[in-house]
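Below is one structure, written out as structure tokens, with a few remarks after it.
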Amino acid sequence: MVNYYDILEVHYEVSTEELKRSFRTLIKKYHPDIHGQNKLWAETKTKTIIQAYKTLANSTSREHYNRQYRHLLQTKNRQIPPKKTATTSASDDGLQGHIRIVFTDLLNGRFQQAIKNYERLLKDYAGIDFFLFFNKRDYIDCKFLLAEAYEKLEKYDTAINLYELILERGKGDTHRNHLLHEIKERIRNIYCRNLARNTTPEKALGYYEKVLRLNLYKNENAFLYKKIAECYLKLHEYENALQHLTIALTLKPNLQGAHKLKIKLKQHIPNFAI
């Protein structure tokens, strides 16, 4: 459950006027126009703030939300936290501080510094997902900005891994649909524009098939099936090429570039009809 009180930085018993003041302050603070390189992140943050305010500013929806919120608190209170030694606690606090520094650098566009500190943490705390020190909202925000930083530095494999982790973590989060769709598009672009263009047809096939599993729009899938057909043509697997081109044209009959592919296939499969 998304904690709207945390998002609006107010306490549970906040008055309507206090709620409104906090909302206005946060909207100004996270307005996309003042966040430059992090505009997408700011847009998502703003949408979440608006959704939280709409819910809590209306007495009926707030009452409904509060019932769920109280149930969440009661559930948490029943859970007994594991006992920590003083050494472990101090270590955790230090690690949390380090990952917060990475997050701050990302928010301020210091991508190279953020990555340098992040990779140092990976060595010092091998095997630990230190992002789990964040709540779910910050977890996704930080990993998204980190993936974006790796993408800007053309470290595509690492960017892809982080984007895919966010998709897995964000499943079922209806408040992040816009961001999750943006991540799918970024994964598609990296696989299709950056990785598949500069590799062998065999590897390109794997990339295109991974993008198909993202369940994108019909037109985008048509493009992917056409690219797969092109790969099979290069590998001289003409029947496979024809099969995938047929699927592509079923999804989008006027698919650009399909006619040239038909002519090439006709040279190798004289009797085919498409």
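The values are calculated or read from the model by the stated rules, or taken from the named source; none is laboratory data. Values in this document were obtained by computation on a predicted structure and should not be read as measured data. Reconstructed Cβ throughout: ideal geometry from the backbone, glycine too, with neighbour counts over all protein chains shown. Side chains included, ligands, DNA and RNA excluded: accessible areas come from the protein's heavy atoms. Shrake-Rupley method; radii C 1.70, N 1.55, O 1.52, S 1.80 Å.
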**OP:** Answer yes or no: is there a residue in the stretch 52-60 that is in contact (Cβ under 8 Å) with a residue 12 or more places away in the chain, outside any helix (DSSP H, G or I) and open to solvent by less than 60 Å² (accessible area, probe 1.4 Å).
**Re:** no
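Of all the residues that make up the stretch 86-103, how many are at pLDDT 85 or above and exposed (fewer than 14 other Cβ atoms within 10 Å of the Cβ)? Before you say what the answer is, go through the steps one by one.
Of the residues in the stretch 86-103, the ones at pLDDT 85 or above are 98-103.
Filter once more, so that each one left must be exposed (fewer than 14 other Cβ atoms within 10 Å of the Cβ): none.
Counting residues in the stretch 86-103 that are at pLDDT 85 or above and exposed (fewer than 14 other Cβ atoms within 10 Å of the Cβ) gives 0.
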Original post:
Quick one: how many residues across the stretch 1-23 are in a loop (DSSP other than H, G, I, E, B), open to solvent by 30 Å² or more (accessible area, probe 1.4 Å) and touching a helix residue (DSSP H, G or I) at 6+ places or on another chain (Cβ under 8 Å)?
Top reply: 6
Original post:
Which numbered condition trips up ALA196, out of (1) in contact (Cβ under 8 Å) with a residue 24 or more places away in the chain; (2) within 30 Å of ILE183 (Cβ to Cβ); (3) not in a helix (DSSP H, G or I)?
Top reply: (3)
Original post:
Based on what the data block shows, is GLU168 of a type outside the set (Lys, Arg), surrounded by fewer than 16 Cβ atoms within 10 Å (Cβ to Cβ) and part of a helix (DSSP H, G or I)?
Top reply: yes
Original post:
Do we find that GLU237 is surrounded by fewer than 18 Cβ atoms within 10 Å (Cβ to Cβ) and farther than 17 Å from ARG188 by Cβ in this structure?
Top reply: yes
Original post:
Which numbered condition trips up LEU26, out of (1) open to solvent by less than 30 Å² (accessible area, probe 1.4 Å); (2) out of contact with any helix residue (DSSP H, G or I) (no Cβ under 8 Å at 6 or more places or on another chain)?
Top reply: (2)
**OP:** Those residues that are within 18 Å of GLU164 (Cα to Cα), touching a residue at least 24 places away in the same chain (Cβ under 8 Å) and assigned to a helix (DSSP H, G or I), I need them from the stretch 202-231; list them, please.
**Re:** VAL211
Subject >> Among residues of the stretch 4-29, those that are among the hydroxyl-bearing types (Ser, Thr, Tyr) and farther than 16 Å from LYS54 by Cβ, counted >> reply: 3
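For the structure I just gave you, tell me whether PRO201 is open to solvent by 30 Å² or more (accessible area, probe 1.4 Å), more than 30 Å from LYS171 (Cα to Cα) and touching a Leu at 6+ places or on another chain (Cβ under 7 Å).
yes
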**OP:** Determine whether LYS136 is among the basic types (Lys, Arg) and either under 24 Å from LYS39 (Cβ atoms) or in contact (Cβ under 8 Å) with a residue 40 or more places away in the chain (or both).
**Re:** yes
Original post:
Does TYR207 fit the bill of being open to solvent by 20 Å² or more (accessible area, probe 1.4 Å) and under 22 Å from LYS264 (Cα atoms)?
Top reply: no
Original post:
Which residue pairs have Cβ atoms under 7 Å apart, sit 6 or more places apart or on different chains, and have a first residue in the stretch 1-22 that is modelled with pLDDT under 80 and a second that is aromatic (Phe, Trp, Tyr)?
Top reply: HIS11/TYR5; TYR12/TYR5
**OP:** Enumerate the pairs (first residue in the stretch 235-247 and over 13 Å from LEU261 (Cα atoms); second residue anywhere and open to solvent by 40 Å² or more (accessible area, probe 1.4 Å) and aromatic (Phe, Trp, Tyr)) with beta-carbon separation below 7 Å, excluding pairs fewer than 6 apart on the same chain, so at least 6 apart or on different chains.
**Re:** ILE247/TYR225
Subject >> Top-ranked residue in the stretch 171-198 [being closer than 30 Å to TYR53 by Cβ and of a type in the set (Lys, Arg); ranked as surrounded by the most Cβ atoms within 10 Å (Cβ to Cβ)] >> reply: ARG176
